[in-house]
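The values are calculated or read from the model by the stated rules, or taken from the named source; none is laboratory data. Everything numeric here is computed off the predicted structure, so don't read it as measured data. Because the Cβ atoms are built from the backbone with ideal geometry, glycine has one as well, and the counts that use them run over all protein chains shown.
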Amino acid sequence: MSKISIKKMDLYYTDFHALKNINMEIQANEITAFIGPSGCGKSTLLKSLNRMNDLVEGCRISGDILLDDEDIYDNDYDVNLLRKRVGMVFQSPNPFPMSIYDNIAYGPRTHGIKSKAKLDEIVEKSLRGGAIWDEIKDDLKKNALRVSGGQQQRICIARALAVDPEVLLMDEPTSALDPISTAKIEDLVQELKKKYTIVMVTHNMQQATRVSDKTAFFLTGEVIEFGNTEAMFSMPQDKRTEDYITGRFG
Amino acid sequence: MSRITRFAVKLSAFLTFGILFFIIGYILLKGIPYIKPSMFEFEYTTNNVSMFPAIVATILLVGLTLLVATPIGVFTGFYLVEYAKKGSKLVELIRIATETLSGIPSIVYGLFGMLFFVIKLKFQYSLLAGTLTVSIMVLPLIIRSTEEALMSVGNGLREGSFALGAGKLRTIFRVVLPVAMPGILSGLILSIGRVIGETAALMYTLGTATKIPDGLFSSGRTLALHMYILSSEGMHVNEVYATGVILVIIVLLLNGLSTYLGNKLTKGR
Ligand SMILES: Nc1ncnc2c1ncn2[C@@H]1O[C@H](COP(=O)(O)OP(=O)(O)OP(=O)(O)O)[C@@H](O)[C@H]1O
Ligand SMILES: [Mg+2]
């Protein structure tokens, strides 16, 4: 059984048909990469998986998205619980303007954890999970905006881990970062897939080949090709995929 | 060409500052020598020309106005930015209403307050009538500054909070509000400044009684009103300046506080 299965899904922004008949099975403990040119709908599909699209006025979805065989767009599906199970890391780091500790504790507190000891434990565990504990363990009271961009992004990853999610969505998590921070996050993602299911949007072909197990190639709202990353990059089935990954594309 | 422009810019900067310093300096020079302990006696008489009742009335009026206008204004601002559909009819309507309200001269508010609160609702000249009138007057200011403070909070923060499974209320109170707070506060302080400096809207609503107001339905006079009346009576010109000194100091302090909070807002982003 797939962790997430997307069936005959269509998405409209008011009149604009942004995603067309998407079918995809995302497996647990794998890294699935979304690649494709700008504006082809990668972020849109990603945001559909934790219903962040609900916040966009005029956004309509048809078809099914199942998480562990349950339709997340069901009327009585608890959106907040969904977002706890399916965490998200954004393109530009967006730590809250509060201490590093409070950033990490924000999610657990949201979901009702009050005990100081328990929170301390979660904060340490999450920061370790985000591969940033050693760098900032003495600065937990420091404002999260006062650390470097790469550190901020790992704090955001740790913040997402703190609510104990099952799936982690990442929208170009390294595009705003320098190569060293990028390498750190790529290593981290490899590590994280042991525990989590990861879906990652990237503009960087090398990154997709380096980290992902499966790759989906998007073009103008359609998934042109979806399959094993290695197979796809060595032997693309579709001419358009080949053009894109060999850089012969617009 | 550029030399002329530079000169013009310098001249106008100099003039603006010069005039400000001149006014403040003039009032201080004329007023400070006449500040006497007797002007702070508990009761006003034509002999001591005490401004103490006026100070109390000012504080009461400011406090009550904040009590009435802050919740309405701040909630409206929150509604417009966080809840209302962008570009909906209702939002347009509220925008037009607030913009129109902020363009109306304060004497018109005074007139309305007199006809409606004082006469129609039979509040008489009273703290209540005055409070309600100036509350309506500062409402647009509070709504506007709340809106701006909220809009300056990046959407990334809201999304970050929602993505962790937080609801709308928690997101607003824990993430948005702390960032927007300095901006909202500085709007409130500007409103206080307007209330303190107001005379036209209060003359025929709060009235001009010289005693300390002893209830919502009791009349009184604020410092600005006190000054206005003393100077129009023409008997206590020196005391007018002395009162002016106190008023100017209060307004300057408030403006300083507002600038300070404003800076904090832009830095926090
Ligand atoms: N909120 C919105 N309202 C209307 N149209 C939108 C909205 N968000 C995205 N779109 C449109 O939907 C299409 C897909 O956008 P999306 O952000 O998913 O692309 P993307 O593949 O993530 O691109 P990029 O690589 O530039 O991030 C684009 O044409 C975009 O203009
Ligand atoms: Mg995108």
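Here are some notes:
- Qualifying positions in the range A:53-72 - within 16 Å of ligand 2 (Cβ to nearest atom) and either of a type in the set (S, T, N, Q) or modelled with pLDDT of 95 or more (or both): A:53
- Wholly enclosed helices (runs of 4 or more DSSP H) of the range B:192-269 bearing at least 1 residues in contact with a helix residue (DSSP H, G or I) (Cβ under 9 Å, 6 or more places away or on another chain) and closer than 17 Å to residue B:30 by Cα: B:223-233, B:237-267
- Looking only at residues in the range A:45-67 that are without any contact (Cβ under 8 Å) to a residue 60 or more places away in the chain and more than 14 Å from every other protein chain (Cβ to nearest Cβ), the one that is nearest to ligand 1 (Cβ to nearest atom) is A:60.
- Test set (1) within 14 Å of chain B (Cβ to nearest Cβ); (2) free of Cβ contacts under 8 Å to residues at least 40 places away in the same chain - residue A:70 fails condition number: (1)
- Candidates A:169, A:119, filtered to the one that is within 16 Å of ligand 1 (Cβ to nearest atom) and either surrounded by fewer than 23 Cβ atoms within 10 Å (Cβ to Cβ) or within 14 Å of chain B (Cβ to nearest Cβ) (or both): A:169
- Which numbered condition residue B:127 misses (of (1) modelled with pLDDT under 90; (2) away from every other protein chain (no Cβ under 14 Å)): (1)
- Criterion (surrounded by fewer than 17 Cβ atoms within 10 Å (Cβ to Cβ), more than 16 Å from ligand 2 (Cβ to nearest atom), touching a residue at least 24 places away in the same chain (Cβ under 8 Å) and more than 15 Å from residue A:197 (Cα to Cα)) met by exactly one of A:21, A:75: A:21
- Lone qualifier among B:56, B:68, B:91, B:74 - being within 14 Å of chain A (Cβ to nearest Cβ), of a type in the set (A, V, I, L, M) and part of a helix (DSSP H, G or I): B:91
- Remark: residue B:179 matches the filter, which requires a residue to be over 29 Å from residue B:107 (Cα atoms), of a type in the set (Val, Ile, Thr) and facing chain A (nearest Cβ under 9 Å).
- The listed residue being within 16 Å of ligand 1 (Cβ to nearest atom) and either modelled with pLDDT under 90 or among the polar types (S, T, N, Q) (or both), out of A:208, A:176: A:176
- Residue within the range A:18-34 that is within 17 Å of the chain's Cα centre (by Cα), hydroxyl-bearing (Ser, Thr, Tyr) and within 12 Å of ligand 1 (Cβ to nearest atom) present: no
- For the range A:190-250, the strands (runs of 3 or more DSSP E) that sit wholly inside it and include 3 or more residues that are away from every other protein chain (no Cβ under 14 Å) and within 16 Å of ligand 2 (Cβ to nearest atom) are A:214-219.
Let's see how each residue does on (1) touching a residue at least 24 places away in the same chain (Cβ under 8 Å); (2) in contact with a Cys (Cβ under 6 Å, 6 or more places away or on another chain); (3) not small (Gly, Ala, Ser); (4) not in a helix (DSSP H, G or I):
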{"position": "B:122", "(1), (2), (3), (4)": "no, no, yes, yes"}
{"position": "B:129", "(1), (2), (3), (4)": "yes, no, no, no"}
{"position": "B:136", "(1), (2), (3), (4)": "yes, no, yes, no"}
{"position": "B:142", "(1), (2), (3), (4)": "yes, no, yes, no"}
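- Matching residues, the range A:208-250, being of a type in the set (Phe, Trp, Tyr) and touching an Asp or Glu at 6+ places or on another chain (Cβ under 8 Å): A:217, A:249
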